[in-house]
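Asks: Handing you a structure now.
The values are calculated or read from the model by the stated rules, or taken from the named source; none is laboratory data. All values derive from a computational prediction rather than experimental measurement. In this analysis, Cβ positions are derived from the backbone assuming ideal geometry, glycine residues included, and neighbour counts consider all displayed protein chains. Side chains included, ligands, DNA and RNA excluded: accessible areas come from the protein's heavy atoms. Shrake-Rupley method; radii C 1.70, N 1.55, O 1.52, S 1.80 Å.
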Amino acid sequence: MADLGSAAITLAFLAAVFGTIAPLLGAARRRPELIHSARRAVFAVVGLLVIASGALLWALLTRDFTNTYVASYTSRALGFWYTLSAFWAGQAGSLLFWALLLAIFSGVVVWRHARRDALMPYVIATLMGTLAFFTMLLVFVSSPFERAAFAAPDGAGLNPLLQNPGMFFHPPTLYLGWVGFTVPFAFAIAAMASRRLDSEWIRATRRWTLAAWAFLSLGLLLGMWWAYVELGWGGFWAWDPVENAGLMPWLTATAFLHSAMIQEKRDMLKVWNLVLICLTFILSVFGTFLTRSGVLSSVHSFAVSSLGPLFFAFLVVIAVISVGLIILRLPDLRTRVELDSIVSRESGFLFNNLLLLGAAVSVFLGTVFPMLSEVVSGMKISVGPPFFNQINIPVGLGLLLLMGLCPLLAWRKTAAAELRRHFLVPAAVAGATAAVLVGFGPVPPVAVAAFALSAFVTAAIATDVHRGAMVRRGHGEAYALALGRLVARNHRRYGGYVVHAGIILLFAGMAGAAMSTQREAVLQRGESLSIKQYTLRYDGADTSSAPNMLVTSATLSVSAGATPIGQMIPHRNLYRGREDEPMTEVAIRSTLWEDLYVILVGVGEDGSAALRVIINPLMLWMWTGGALLIAGTLIAFWPERTEAHVTGPPRAGRRPAADRDLDAEIESLIAAARAARRCAACGETLPAAANFCPGCGAVSAPTPEGARR
């Protein structure tokens, strides 16, 4: 199986090299047979990497300790699911996992977008070039099929930090996000190479970008949850270099998703969008560079290896190609459309993107500062959370403000009277929230600002949705029906609102962290610790043995005031073979308003327990916000009834795609020539024949047949 896996990876590398060169030659020499052959090479790479991945999984599950990778990351006592997760636990396995995902994505792209003849040669070349790099690493630098000199009786087992359900899902979702951004990047490169610089490449990749963004968001959320329940320090984000590596492409991809809408609607920000999507892919590869090179210390990193210089060289190549093509195509990217007013939705999106990009730059500088300081002074000097918080907390508050302002603004220009009318209720809600918090007690100013702005955004979204529903209700629909049809008419807009609602809850949970309370104590059996309304009585410690670890636990009886509310049992685990790496399993009691978070620091020889107890307000809000964010993305991803996208050959009885595309273009030209109206709900320009708003889905009065003709 090891020989089969090695052979499959080698053949995949050769096929990827062919798939990089052949479509470029085919496009340059007008030889479609070369492009067709490159498409087949994509599917060959998919099949070969599936075989290689199957061979590695077989070696892991059969405990083939003649394989160095298997011996390093599994053991006989390791459970089935954690044995599967060993696939991506190590350097070589994670590289194979990355290559497998990218190969599958490439195959789906070639299958779904076969008709985009002008773009596909360059798309295939970009995808296969990236795959050639990763398979080259697997063949020549870090193979998961390296054979040991002799078979060990047992393996080293999985790192205790990784033996958590969150780590079974966190790396794959993060990789799905990072790898997913290769597809829109490939289309962007293809658009520049082929000079097809309209919005076709954005429409072709909108769902790819949205899916990658959703997976990256889920990966970050799972990482935050893992840090909260596994690392035992009471927080969820420490500005660790690899945490930052996942956050940076998320910030730039979020900016791209917003500005892409402006290009689709107004034909603006073409250069901005190309820069953002290229930067997102570069930052995704940069995150892999950080984890694989070992240049920065992180709980997620692998040891220093020879992969670092190769990844850095790959980053330089990507950056040079991206910047070179953008500069070369600048004359073609000019647009005649200009910003009509600073008080417009386009302007709000632009400021939003500037803040997101500023946050990404600040995180990047703080992350690479140790490397820069080592080059300059010979010493690695790290910057801590205070640096990141000082910059990004104001940026986050600014993003919250813009998140509330944008729904109140119309496209092109917003009249002052209309802005005042729409602004009044959200501003009043925000002011009332701030007044209540200040009057309630000593709340940090940052938390007051975060909660007030969260209330502002919530009221702004609710006002916009209510306005659209009332317009539909005026045409005889019940309110609930009007609301449902409003969302069904425009999944992107209202799915985005659900995402924003999730972000509001995330911000609220983060603001709650600023109001956390903590106490530490060493308790003898029968002694108690009090923190706010809670009293925790230490009832004793216990030690038990599991197949692969020794578990020490402390039992605590918890009461709120005079009311008993149950027991909490924090653990401290020692894994066999890794006794020098004790792991903390915290005990958490969650309510709607706060988490009671108990850490067992240690148990003394006299039976005493050293405890750290933290009260974290609103943590459940944050996890609920994460779920809402993913749900909103699914709504925005779901196709609407009006969308029609053809893949593959036309079915019987259906007109060819080219005819339908021509009809759609003619209809769009006719619609643009008609007299325009404004939507009563959102202020967006309406075609004269439309009976509902394409922006918000609100019903509008139908145009008489004569006007339609």
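Asks: What FRET efficiency comes out for the pair Gln567/Arg112, r = Cβ-Cβ distance, R0 = 45 Å, nearest 0.05?
Replies: Between Gln567 and Arg112 the formula returns 0.25.
Asks: Quote the FRET efficiency, to the nearest 0.05, computed for Ala417 versus Glu581 with a Förster distance R0 of 60 Å and r equal to the Cβ-Cβ distance.
Replies: 0.40
Asks: Shifting gears a bit: Taking a probe of 1.4 Å, how large is the accessible area per residue of the range 218-289, in Å²?
Replies: 23
Asks: Right, next: State the volume of the convex hull built on the alpha-carbon positions of the chain, expressed per residue in Å³ and rounded to an integer.
Replies: Looking at the chain, the number lands at 197 Å³ per residue.
Asks: Please identify the longest segment of the chain free of exposed chymotrypsin sites (Phe, Trp or Tyr not before Pro), where exposed means a DSSP state other than H, G, I, E or B and no more than 12 other Cβ atoms within 10 Å.
Replies: Between the exposed loop sites, the longest stretch runs 151-592.
Asks: What is the percent carbon and sulfur in the accessible area of the chain, measuring with a 1.4 Å probe over the protein chains and ignoring ligands?
Replies: Numbers: 20280 of 30930 Å².
Answer for the chain is 66 percent, counting heavy atoms of protein chains only.
Asks: To the nearest 10 Å², what's Arg196's accessible area with a 1.4 Å probe?
Replies: Per-residue accessible area (Arg196): approximately 90 Å².
Asks: Checking the cross-link filter: which lysines have an alpha carbon closer than 22 Å to that of Lys380, excluding same-chain neighbours under 8 positions apart?
Replies: none
Asks: Okay, next question. Tell me, what is the FRET efficiency for Ile326 and Val601 to the nearest 0.05, using R0 = 60 angstrom and their Cβ-Cβ distance as r?
Replies: 0.65
Asks: Going by accessible area, probe 1.4 Å, with all protein chains left in place, what is the ranking of Lys413, Lys265, largest first?
Replies: Solvent-accessible surface, decreasing: Lys413, Lys265.
Asks: Moving to a separate point now. Full extension from Leu354 to Glu200: what is 0.36 nm times the residue separation minus their Cα-Cα distance, to one decimal in nm?
Replies: Extra length from Leu354 to Glu200 when fully extended: 53.0 nm.
Asks: Here's something else I'd like to know. May I ask you to give the solvent-accessible area per residue for the range 44-116, in square angstrom, as obtained with a 1.4 angstrom probe?
Replies: 34
Asks: Compute the relative contact order of the range 158-286 as a whole-number percentage, counting only Cα pairs closer than 8 Å that sit 6 or more residues apart in sequence.
Replies: Relative contact order of the range 158-286: 31 percent.
Asks: Which of the lysines could a cross-linker bridge to Lys270, judged by Cα under 16 Å and excluding same-chain residues fewer than eight apart?
Replies: Counting by Cα, and skipping residues close in sequence, Lys270 has no lysines nearby.
Asks: For a paramagnetic label modelled at 7 Å from the Cα of Arg147 toward its Cβ, which residues of the range 64-89 fall within the zone defined by backbone nitrogen distances under 20 Å?
Replies: It comes to 64-73, nothing else.
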